[in-house]
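Asker: Sending over a structure as structure tokens; questions will come in a sec.
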Amino acid sequence: MNSSDKISRGIRFQKVGKTSIVPISAKILTVFIILILLSCLSTNFITLVFTQRQTIALTNELLVYHLSDLYTNASNQYQISLYSQEREESIDSIVEAASRDFSKPHSIAMGVTRDGKILFIARQDKSHSWYGFSDSGALARMNETYDSAQSAGTPDRVEGSVNFTSPAGDEYMGVFKYHDDWQCYLIRAELKADTNREMYGIFFKISIIILVMTAFFMVVGISVLNSLFSNVRKFTKDVYELNRSQQMENISSAKDLEAPIDISGASNDDITYLAANFNNLYLNTATLRNIFQKFVSKHVVDTAYNEKRVELKGEQRQLTILFTDIKNFTNRTEVLGNEIIRLLNIHYNSIIGIIQPDESGDHRSKAFIGSLIGDAVLGVFGIDGTKDTVNPQKSVDAVACAWKMTIQTKKFRSKMDERKKELISQGKFNEQTQKVYEAVLIDIGVGIDGGEVFYGNIGSNKYMANTVIGDNVNSASRIEGLTRIYRLPVLCSEYVRNEVIKVPEAAERYRFYEIDTVQVKGKLEGKKIYFPLDMEQADEDYARDYTVEKFEEFDRGLKAYYSGDWKTARSQFKKSELAVGKVFLERMGLKSAPADWRGIWTMSTK
């Protein structure tokens, strides 16, 4: 693995939503690198500044040394010129001797008269012409030094440093000394850029070394930090995964709770301690949420969890309401006493699991338990939609639930029958056992209705309840009551029927047969009720008792009953061999239809 792979692996950004999460190791490493670079480069620059001053000082010392040689050579050549009368040859000798001391590409030595004329010039760079000493300011300063020395009576002390600009605009620094014999200033100078170029070259080389070493130690640092923060990356990965998968929304029981961060094998440092506390906080929150959703609907729990509050508000919604309770519950209570609670819990455990299944279940119902009232259960379907959502699937789910609950309850009765046989074979079945047996043979009725109801939270800021309110809620309860009268396990309203037949798959599976038109107490109009015959019912008893042929006979009888032809109706009801047909036979007796007959049966009780 090369260094770039290590860097990309060590500084990998993950996202929570649209926010990038920067690893703490990357932050620490970035800050550390920036500080190290700033420190090194600043130190290098400060060193450069001090070095520059020292270099200038050393350069001046060197120039003074070279100027001294130039001055001595000029004095000697002046004496030679007096003897040989060859002035130009002496000047050429001065230039030649000065050139031998040059060490930089732009070194220069010259003789400049007080009026700025150049007596001689020796230089390495001959790309520009020198017609005179063009820097009048520098010349004026040298002349001031000359005048001051003359006034002070020290004409041999006309010397000092001088900075000047060449005709080409190049800046020079150097030293000068006045020569009385040649009547000129002897100047020895170096181009500033040459000196700075050397210093900046050194600065650049040192900076490159710093950057290379920084890159090397960055790779080493990443490896070390990756090792030190390996637990942090693992912990944060677990938290990221928890956030993405929304595990807390999928918890169905306390036994499913697991700490999201695995701290086994982690070092005993403050990061591990922080992770352990996060686990504890998560488990406490998840446990409270798990307990919370056992008392209210999942919709309320999710709202409280996501919005951090629950308000007293509600709205009109199109929902389907399922109501079921145990038949002859009062008599069972008298026999079982306190054991009725145990029986109810067994019953509820299976019923509630059908209406509000676990996430892993195959039932598509998006329902919740509206309330538990003694032996009765109120199921609400369709809350996942909005006020204007058209969702006929909710009624399909309600009908499917009704049949599942009915079959589940029948299976429980079958188990009790098997237990009875065991007790009889053991000689332990007596009169008291018979009463208990009859009490535990629970049977239920299911009524389903739907339409516009109020759904929301009611109560006060101190105590509130999540519920549904409306005529259709009451109607579901009354339809459930009719299951006892008509001796059918499931009954539903026309609203439910109309929704189910809109779903092609459901329309093939369920065939709805009208049972009666009932005017419930407190209402002025009749309400049609239907029996949803499950064409795919696997239970043999139900498949035998409830057949299409029997209900077709019953349907013909019902039509005759509505029209007032009670004689034909009695004949058809008898042919159907259905228990509900016997209900109509008992109701009609041998009488004829009343003169004001409307085909509506009026209930005298709720």
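The values are calculated or read from the model by the stated rules, or taken from the named source; none is laboratory data. These numbers come from a predicted model, not from an experiment. Here Cβ is always computed from backbone atoms with ideal geometry, including for glycine, and neighbour counts include all displayed protein chains. The accessibility values were calculated without ligands, DNA or RNA, using every heavy atom of the protein model including side chains. Shrake-Rupley method; radii C 1.70, N 1.55, O 1.52, S 1.80 Å.
Asker: I need the full set of residues from region 167-185 which are touching a residue at least 40 places away in the same chain (Cβ under 8 Å) and under 17 Å from ALA138 (Cα atoms), in order please.
Answerer: If the condition is that a residue be touching a residue at least 40 places away in the same chain (Cβ under 8 Å) and under 17 Å from ALA138 (Cα atoms), then ALA168, ASP170, TYR172, MET173, GLY174, VAL175, PHE176, LYS177, CYS184, TYR185 are the ones that fit.
Asker: Take the residues of region 538-584 that are of a type in the set (S, T, N, Q) and open to solvent by 40 Å² or more (accessible area, probe 1.4 Å): which is nearest to ARG413 (Cα to Cα)?
Answerer: SER571
Asker: Quick one: which residue in ARG570, ARG544 is without any contact (Cβ under 8 Å) to a residue 12 or more places away in the chain and in a helix (DSSP H, G or I)?
Answerer: Of the residues listed, the single one that is without any contact (Cβ under 8 Å) to a residue 12 or more places away in the chain and in a helix (DSSP H, G or I) is ARG544.
Asker: If you don't mind, there's one more thing I want to ask. When only residues in region 283-308 that are out of contact with any helix residue (DSSP H, G or I) (no Cβ under 8 Å at 6 or more places or on another chain) and over 29 Å from LYS404 (Cβ atoms) count, which is modelled with the lowest pLDDT?
Answerer: GLU307
Asker: Report, by residue number, each residue of region 310-339 that is over 29 Å from CYS492 (Cα atoms) and either hydrophobic (A, V, I, L, M, F, W, C) or open to solvent by 70 Å² or more (accessible area, probe 1.4 Å) (or both).
Answerer: VAL310, LEU312, LYS313, GLU334, VAL335, LEU336, ASN338, GLU339
Asker: Yes or no: GLY581 assigned to a helix (DSSP H, G or I) and within 23 Å of ILE479 (Cβ to Cβ)?
Answerer: Against the criterion (assigned to a helix (DSSP H, G or I) and within 23 Å of ILE479 (Cβ to Cβ)), GLY581 qualifies.
Asker: Which one of these is within 30 Å of LEU312 (Cα to Cα) and touching a helix residue (DSSP H, G or I) at 6+ places or on another chain (Cβ under 6 Å): GLY450, GLY445? Full working, then the answer.
Answerer: Working: GLY445 fails: within 30 Å of LEU312 (Cα to Cα).
That would be GLY450, the only listed residue that is within 30 Å of LEU312 (Cα to Cα) and touching a helix residue (DSSP H, G or I) at 6+ places or on another chain (Cβ under 6 Å).
Asker: Given the criteria among the polar types (S, T, N, Q) and touching a strand residue (DSSP E or B) at 6+ places or on another chain (Cβ under 9 Å), does THR602 qualify?
Answerer: Judged against the criteria, THR602 is a match.
Asker: Being within 16 Å of GLU190 (Cβ to Cβ), assigned to a helix (DSSP H, G or I) and open to solvent by less than 80 Å² (accessible area, probe 1.4 Å) is the requirement here; does HIS66 meet it?
Answerer: Answer is yes for this residue.
Asker: Identify all residues within region 107-133 that are modelled with pLDDT of 85 or more and not aliphatic (A, V, I, L, M); write none if there are none.
Answerer: Within region 107-133, SER107, GLY111, THR113, ARG114, ASP115, GLY116, LYS117, PHE120, ARG123, PHE133 qualify.
Asker: Does at least one position in region 501-523 carry a residue that is among the aromatic types (Phe, Trp, Tyr), touching a residue at least 12 places away in the same chain (Cβ under 8 Å) and not in a strand (DSSP E or B)?
Answerer: Step one: list which residues in region 501-523 are among the aromatic types (Phe, Trp, Tyr), which gives 510, 512-513.
Keeping just the survivors that are touching a residue at least 12 places away in the same chain (Cβ under 8 Å) gives 510, 512-513.
Next, from what is left, pick out any that are not in a strand (DSSP E or B): none.
Checking region 501-523: not a single residue is among the aromatic types (Phe, Trp, Tyr), touching a residue at least 12 places away in the same chain (Cβ under 8 Å) and not in a strand (DSSP E or B).
Asker: Still on this structure, I have one more. Being under 15 Å from THR409 (Cα atoms) and in contact (Cβ under 8 Å) with a residue 60 or more places away in the chain is the filter here, so list the residues in region 329-350 that pass it. Write out each step before concluding.
Answerer: Narrowing region 329-350 to residues under 15 Å from THR409 (Cα atoms): 329, 343-350.
Within region 329-350, LEU343, ILE346, HIS347, SER350 meet the criteria.
Asker: When you check ALA122 against the structure, is it free of Cβ contacts under 8 Å to residues at least 40 places away in the same chain, touching a helix residue (DSSP H, G or I) at 6+ places or on another chain (Cβ under 6 Å), closer than 24 Å to THR195 by Cα and crowded, with 19+ Cβ neighbours inside 10 Å, yes or no?
Answerer: yes
Asker: So in region 453-485, with the set limited to residues that are free of Cβ contacts under 8 Å to residues at least 24 places away in the same chain and in a helix (DSSP H, G or I), which one is most open to solvent (accessible area, probe 1.4 Å)?
Answerer: ASP471
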